[in-house]
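One structure is given here, and the rest of the page talks about it.
None of the figures in this text is laboratory data; all of them are computed from the coordinates on show. Remember, it's a predicted structure, so these values are computed and weren't measured experimentally. Ideal geometry is used to build each Cβ from the backbone, glycine not excepted, and the neighbour counts take in all protein chains shown.
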Amino acid sequence: MAETYTKYFNLEFEPFSLERILEERQDSAGFFLSTVFQKRFSEEVNLKRHEDQKLWIQTKNLRYVVLDGIQKISDENGRLEPTNILYLLVFFDFNSITEYGFEEVCNVLIKRYDLPSLILKMPDNDHLEIWGKDHARKSYKNVIHPNIESLMKALFDSINKKDHFQFIGIERANSERKSGFLMTRRGFTRAIA
């Protein structure tokens with residue numbers, strides 16, 4: 001078993017593994033990657049927003065994994081400081097939501113959390129898109145991928161740049177998971193509420 005680490009209020013993570021992400025994907029035909037962490041908020045506020053986002057995603061009956069990352073962000077003096085950021089990788093499954101419903105979830109998510117952008121792969125596309133809060137949609141059709149696994153590998157390879165940003169962990173799989181909710185999260189919610 002992979003070595004785990006604990007962060008925030010007893011959230012357990014394993015080292016980041018693309019193989020684990022591909023396993024979690026199962027047969028999903030699309031996904032989006034989002035974070036509600038923003039520099040203008042304190043860590044406590046960002047954690048509350050993250051927990052709220054997870055609970056909201058659960059109400060939509062969507063599967064997800066939590067990814068732990070570190071991004072280098074400049075402080076008031078212009079020095080780059082490592083900052084912890086949690087991401088949600090949310091999967092599209094035909095048996096839980098329609099394509100229109102998935103698109104609507106993405107649009108509402110951007111508005112609800114005032115997200116600057118959202119990286120996604122719609123089920124009917126073979127490329128990535130970045131949606132902005134100003135309704136801008138940028139498609140990356142110049143690179144053809146034979147399947148969604150290849151697309152996901154390319155996405156994570158392009159994001160993981162040690163000098164700027166790196167995913168370091170993925171939430172530990174837990175047998176007590178019920179509808180995407182880890183039992184240990186109840187204490188986490190209470191602790192930051």
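Structure data summary
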| read-out | value |
| --- | --- |
| Prolate/oblate/rounded call for the chain, Cα gyration tensor, a/c under 1.5 rounded | rounded |
| Size of electric dipole in the chain: Cβ of Lys, Arg +1 and of Asp, Glu -1, about Cα centre, debye, nearest 20 | 460 debye |
| Distance (nanometres) between label positions extended 7 Å along Cα→Cβ at Gln166 and Glu44 | 3.1 nm |
| Three-way shape label, the stretch 5-53, alpha-carbon gyration tensor, a/c 1.5 | oblate |
| Contour minus Cα-Cα distance for Lys138 and Ser17 (0.36 nm per residue) | 40.8 nm |
| Whole-angstrom gap from the stretch 2-25 to the stretch 77-118, using each part's C-alpha centre | 19 Å |
| Nearby lysines by direct alpha-carbon distance to Lys54 (threshold 22 angstrom, same-chain neighbours under 8 apart not counted) | Lys7, Lys39, Lys111, Lys121, Lys133, Lys178 |
| Whether the stretch 35-122 is rounded, prolate or oblate, judged on the alpha carbon gyration tensor where a/c under 1.5 counts as rounded | prolate |
| Relative contact order of the chain, defined on C-alpha pairs under 8 angstrom at six or more residues apart (%) | 29 percent |
| Distance between modelled label sites at Lys72 and Tyr100, nm, 7 Å Cα→Cβ extension | 4.7 nm |
